[in-house]
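One structure is given below, encoded as C-alpha cells.
The values are calculated or read from the model by the stated rules, or taken from the named source; none is laboratory data. Computed from a predicted structure; not experimentally measured. Neighbour counts are summed over all protein chains in view; Cβ atoms, including those assigned to glycine, are modelled from backbone coordinates with ideal geometry. Accessible surface is based on the protein model in full, side chains and every heavy atom, while ligands, DNA and RNA are left aside. Shrake-Rupley method; radii C 1.70, N 1.55, O 1.52, S 1.80 Å.
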Amino acid sequence: MADQQELVVIITNGFSDERSSVGWSVANGGIATGFKVTIFLVSSGVDWVRKGAAEQARLNPLDPPIGEMIQNLVEHDSEILVCPPCAGVRGYTADDLMDGVTLAGSVAMLEKVKNGAAALTF
C-alpha cells in the first residue's frame with residue numbers, strides 16, 4: 001500500500017478575505033480525497049482558531065460555515081499549526097486557541113514539505 005499523500009494548506013488571510021474560505025474548503029477537499037492535511041496559519045489567518053471566532057463566520061455563502069470546516073479537519077486528525085509570532089502580536093496565547101491547535105513555527109511546516117507534501121497558499 002502506498003504512503004498517504006500529504007497536503008499543507010497555508011492560510012494567510014482572516015475574516016476580511018474570501019481566499020481564507022477557499023483555503024479551508026480546499027483542505028476539506030483534501031481530506032475527502034485521501035490526503036493527510038496540515039494547516040499552517042500565519043498573519044491574520046491565526047484569527048480563525050481563536051476560541052469562538054469561527055463559529056458564525058461564513059465568507060462564501062456556498063461553502064459550509066468555517067467553524068464546521070475547521071471541526072471536520074480536527075475530527076480527521078489534521079494538524080492545525082499556528083505561527084507563534086503571528087499569534088503573539090495579536091496577544092493570543094495557547095489558551096486563547098481552539099482545542100487541537102498547536103503553536104508551531106515554519107520549521108514544523110517546512111519539514112512536511114521537505115518530506116514531499118504539496119503546499120498551497122491562500
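When the test is whether a residue is among the hydrophobic types (A, V, I, L, M, F, W, C) and either over 22 Å from Ser21 (Cα atoms) or in contact (Cβ under 8 Å) with a residue 40 or more places away in the chain (or both), Val74 does not pass it. Taken as a whole, the stretch 70-77 holds no residue that is open to solvent by less than 40 Å² (accessible area, probe 1.4 Å), modelled with pLDDT under 90 and hydrophobic (A, V, I, L, M, F, W, C).
Would you point out the residue of the stretch 40-92, among those that are outside any helix (DSSP H, G or I), among the β-branched types (Val, Ile, Thr) and out of contact with any Gly (no Cβ under 8 Å at 6 or more places or on another chain), that is farthest from Leu110 (Cα to Cα)? This residue is Val89.
Please indicate, with yes or no, whether at least one residue in the stretch 3-26 is of a type in the set (Lys, Arg), within 24 Å of Pro84 (Cα to Cα) and at pLDDT 95 or above. Within the stretch 3-26, not a single residue is of a type in the set (Lys, Arg), within 24 Å of Pro84 (Cα to Cα) and at pLDDT 95 or above.
Would the stretch 101-114 turn up any residue that is open to solvent by 60 Å² or more (accessible area, probe 1.4 Å) and not in a helix (DSSP H, G or I)? The answer is yes, given that some residue of the stretch 101-114 is open to solvent by 60 Å² or more (accessible area, probe 1.4 Å) and not in a helix (DSSP H, G or I). Residue count for the stretch 78-89 satisfying the condition of being open to solvent by 50 Å² or more (accessible area, probe 1.4 Å) and out of contact with any strand residue (DSSP E or B) (no Cβ under 8 Å at 6 or more places or on another chain): 2.
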